[in-house]
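A short write-up of the structure that comes next.
Read-outs throughout are calculated quantities, based only on the coordinates presented, and are distinct from any laboratory measurement. Keep in mind that what you see is a predicted model, and the values were worked out from it rather than measured. With ideal geometry, Cβ positions are generated from the backbone for all residues, glycine too; neighbour counts draw on all protein chains shown.
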Amino acid sequence: MPHEDPAEGIDLSLDSYDFDLPPEQIAREPARPRDHARLLVVDRRAAGWTDSRFDALPSHLRKGDVLVLNNTRVIKARVHGTLDRTGRELELLFAVSIDPRNWLAMIRPGRRIRTGDRIHITGVPDCVLEVRGKDSDGLSTVTLLPGCHLGIEDVLEAVGHVPLPPYMERTDRPRDAEDYQTTYARHHGAIAAPTAGLHFSPETFAALAERGVQAVELTLHVGVGTFLPIRGNDASRHTIKPERFEMDAETAEALNRTRADGRRIVAVGTTTTRTLEYLMGVHGRFIAGSGETDLYLVPGHRFRAIDALVTNFHLPRSTLLLLVSAFAGRQTVLAAYRHAIESGYRFYSYGDATLFQ
């Protein structure tokens with residue numbers, strides 16, 4: 001099971017999870033082919049690492065390992081609109097479905113948005129949204145007014161854009177509809193990609209099978225809970241908005257058998273990790289079913305579900321960096337990140353990958 005270093009202590013000051021990244025190392029395009037991204041393999045116990053490439057991942061795993069993938073599919077969650085009251089152009093990120101005509105959305109710029117404001121959706125002139133309120137995280141409840149013959153999901157499919165992260169500093173292009181989607185994405189519902197999975201190709205899966213590594217799937221629809229920033233410097237005060245998950249009986253059975261046999265469970269991504277740790281924490285085993293999780297993993301957490309983690313390089317001061325630090329140790333993670341920066345690795349959603357084991 002994961003190593004914990006009591007000498008390192010538990011530090012949840014956000015300043016301790018900061019690092020400087022040269023802007024040119026923020027990946028704005030994916031590796032091509034996708035499995036040619038670089039891979040930093042980190043030995044958590046030895047606090048050492050090996051430089052590799054993602055298509056060599058099978059050689060770094062063990063026969064009998066089970067990879068767990070998040071098969072959520074990214075929706076075209078970003079649309080443009082015009083504020084009726086001022087004529088100002090807005091951008092909306094549809095985050096959570098309440099019902100077909102009511103969603104929670106992030107509106108930018110949103111500081112001056114008022115309850116009762118109406119927004120005309122660009123590209124579908126008959127469709128107008130009304131703002132019904134705003135929560136403490138800045139999410140607005142928006143409702144499609146009568147007169148629009150579409151539901152919000154239909155609107156997104158018709159005029160929505162791929163919700164690339166803001167740090168890419170570019171608008172989406174047609175190729176992003178494929179690039180910002182895993183090859184095994186099946187169930188619509190995410191507003192961000194489970195980016196660790198973006199590196200897998202059919203050739204990678206074939207090599208994994210030849211190595212004797214099994215792959216199973218679950219679904220967690222990545223929402224704002226994954227990427228809302230931590231406010232202030234005390235990370236312990238942060239909470240995560242719930243995100244929907246589902247695990248089928250086949251995956252639950254395979255994972256319980258893996259655990260009983262003493263073999264390793266390798267999570268692909270932080271969203272997969274949170275789902276597995278949530279189920280193990282609540283039930284003591286993996287069970288089929290669906291629900292929501294707001295599990296927030298920080299240093300001090302005792303991992304019970306996973307033995308290794310494939311993930312990308314994450315933003316400083318983020319919940320994702322805290323999760324990885326909880327698994328591998330803050331000092332080990334930051335030292336590995338320093339090496340990656342010095343070695344020219346590419347960071348964030350379209351960037352390179354890590355394997356912590």
Item to check | Extreme residue, nearest to D117 (Cα to Cα), among residues of region 73-91 that are basic (K, R) and not in a strand (DSSP E or B) | outcome: R85
Checklist outcome for this item: Picking from T182, T171, the residue that is of a type outside the set (A, V, I, L, M, F, W, C), surrounded by 22 or more Cβ atoms within 10 Å (Cβ to Cβ) and out of contact with any Ser or Thr (no Cβ under 8 Å at 6 or more places or on another chain) would be T182
Checklist entry - Of all the residues that make up region 205-242, how many are in a helix (DSSP H, G or I) and farther than 17 Å from L315 by Cα? => result 9
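For region 259-272, check the following and say yes or no: at least one residue is aliphatic (A, V, I, L, M) and more than 24 Å from K63 (Cα to Cα). Give the derivation first.
Let us first name the residues in region 259-272 that are aliphatic (A, V, I, L, M), namely 260, 265-268.
Then keep just the ones that are more than 24 Å from K63 (Cα to Cα); that gives none.
No.
Name every residue in region 324-346 that is of a type in the set (D, E, K, R) and in a helix (DSSP H, G or I), in order of residue number.
Our first condition is that a residue be of a type in the set (D, E, K, R); within region 324-346, this holds for 330, 338, 342, 346.
Once the filter is applied, which keeps residues that are of a type in the set (D, E, K, R) and in a helix (DSSP H, G or I), region 324-346 yields R330, R338, E342.
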Next on the checklist: Would you confirm whether or not region 272-289 contains a residue that is part of a strand (DSSP E or B) and surrounded by fewer than 16 Cβ atoms within 10 Å (Cβ to Cβ)?
Outcome noted: yes
Next on the checklist: Name the residue that is nearest to W103 (Cα to Cα), counting only residues in region 135-160 that are part of a strand (DSSP E or B) and touching a Gly at 6+ places or on another chain (Cβ under 8 Å).
Outcome noted: T141
Checklist outcome for this item: Here the residues within region 186-215 that are hydrophobic (A, V, I, L, M, F, W, C) and in contact with a helix residue (DSSP H, G or I) (Cβ under 8 Å, 6 or more places away or on another chain) are I191, A192, A196, L198, F200, A207, L208, V213, A215
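Could you say which residue among L57, L61, L21 is farther than 17 Å from T332 by Cβ, touching a Phe, Trp or Tyr at 6+ places or on another chain (Cβ under 7 Å) and surrounded by 14 or more Cβ atoms within 10 Å (Cβ to Cβ)?
L21
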Item to check | Failed condition for P163, given (1) part of a loop (DSSP other than H, G, I, E, B); (2) in contact with a Ser or Thr (Cβ under 9 Å, 6 or more places away or on another chain) | outcome: (2)
